[in-house]
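Following: one structure in structure tokens, then a few remarks.
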Amino acid sequence: MTLPKQNLAARRDVLAGGALAVPAILRGAPDSKPIRVGLVGCGGRGTGAAAQALKADDYSELVAMADIDIDRINDSIERLKKAAGPKVKVEDSGKFFGLDAYRKVIESGVDVVLLATPPGFRPLHLRAAIEAGKHVFCEKPVAVDAPGVRSVLESAKLAREKKVSLVSGFCWRYANQIKETMSRVRGGGIGNMVAYYATYYTSPVKPMPPASERPEGMSDVEWQIRNWYNFTWLSGDGLVEQAVHSVDKIGWAMGDAPPESCVATGGRQIPAHGGNIFDHFQINYLYPDGVRAFLGCRQIAGCHNENSDYILGTKGVCLIGRGPNPRITGDNKWAFEGQKYDMYQAEHDALFASIRKGGPLNDGVWMATSSMLAIMGRMAAYTGQQITWEQALNSQQRLGPDPVEWTGSFVHEPLALPGVTKFI
């Protein structure tokens, strides 16, 4: 399978404010028709996305919510009422919980669906929303394995056919300072690109509790979903779930053209307690003409933390991070000096403006490409093998159970052993 052609072009407290919102001129045209919003996944990310959706349009309103627990829905509602007040219009009939709750939100009459569950569910939820003709905000990553990526590509094509918007949660693509930076890099500001080095060194995100804390009688599937970050079939691993932001910037700088191959190292330093994700990776991507991209990521406490991008060219170096603003040194010195806008809010402003103006946005191909780029790096690290892009994209490995049943048993893949774990 090959990707269709396309144009080359630490999580926040989403309710506490931050950078300025996008200027009103970039938001939806005035219109009194309500845009009804449904939220699938009511954790911190989902609650933040809903707050941003309600802020993005004067007449957006939240009317339906889904999660595995009713308590999470009610907690999210209370937080959202503080941020958006009367725009939160979720009655008891609009609260759905359980693994099939996403479908009930889609069927409730909403216009827009916000997808913010663990990534392992993303392809299924996205397909259902697009088939129903809904506009979608889809958090990153969009899948955890190659079959999921291929499904997302099909959904993106269907979204174009149905003329509905599909906006990605790869927030850096909506950061005005990074958009200007990438435009300069892609436009020759550092000459010909030679290499890209990205870092995402941070602390553990959601540490796995020991098995002794598992309640008696709780099923494998429920235990894993409640600790979703620690299982590859649900999170994709820390590389795919978190450091994928850095991977996305690499893809962006490369014009979203896939690499030829990659090799990688990685492993688990701190106790996994039954989970199966690595806590550190080093990925080496090979692009045409010998251009290399390197990514180092780690989730271990007490270590050097850094989230930066070093883009090396024949006429200069671009640095993102390690300072307040992106900058270029070399023949074409430059530093961003403008006003930064809230990139998280900008995603939703763009989505709702596209709905009001009837000009659908579709981030589908590049959001799938970036997710696949991270999955490819994980494949190389887990197996210890050199993996080509075509191998990765056409992999037949499905990580999760099918179907997913709340009370079901599921023995997940063991923690990978490079040189022993096989590529599928």
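Computed from the coordinates by the stated procedures, all read-outs in this text should not be read as laboratory data. This is a predicted model, so every value here is computed, not measured. Reconstructed Cβ throughout: ideal geometry from the backbone, glycine too, with neighbour counts over all protein chains shown.
The GluC sites (Glu not before Pro) of region 74-113 that meet both conditions, a loop assignment by DSSP and at most 12 other Cβ atoms within 10 Å of the site Cβ, are 91. 3J(HN,Hα) couplings calculated from phi for region 52-68 with the Karplus curve 6.51 cos²θ - 1.76 cosθ + 1.60 (θ = phi - 60°) are, in sequence order, 5, 5, 6, 7, 6, 9, 4, 10, 6, 8, 8, 10, 8, 9, 9, 6, 7 Hz; Gly and Pro show x. This model, with +1 at the C-beta of Lys and Arg and -1 at the C-beta of Asp and Glu, gives region 27-140 a dipole about its Cα centre of some 300 debye.
Need one number: % antiparallel among DSSP beta bridges in region 132-289, to the nearest 5.
Details: 7 of 11 bridges.
The answer is about 65 percent antiparallel.
Checking every one of the trypsin sites (Lys or Arg not before Pro) in region 292-334 against DSSP loop status and a limit of 14 other Cβ atoms within 10 Å picks out 315, 322, 333.
Per residue, the convex hull spanned by the Cα atoms of region 309-353 measures out at 107 cubic angstrom.
Sorted fewest first by neighbouring Cβ atoms within 10 angstrom, 273, 280 come out as 273, 280. Taking other Cβ atoms within 10 Å as a rough exposure proxy, 171, 318, 303 sort from fewest to most as 303, 171, 318. Sparse packing (at most 16 other Cβ atoms within 10 Å of the Cβ) combined with a DSSP loop state is found for the following trypsin sites (Lys or Arg not before Pro) in region 156-205: 163.
Couplings 3J(HN,Hα) for region 248-256, derived from phi with the Karplus relation 6.51 cos²θ - 1.76 cosθ + 1.60 (θ = phi - 60°), are 4, 5, 4, x, 4, 4, 8, x, 6 Hz, where x marks Gly and Pro.
Here the peptides 237-246, 390-399 are ranked by packing, the mean other Cβ count within 10 Å, and the order with the highest first is 237-246, 390-399.
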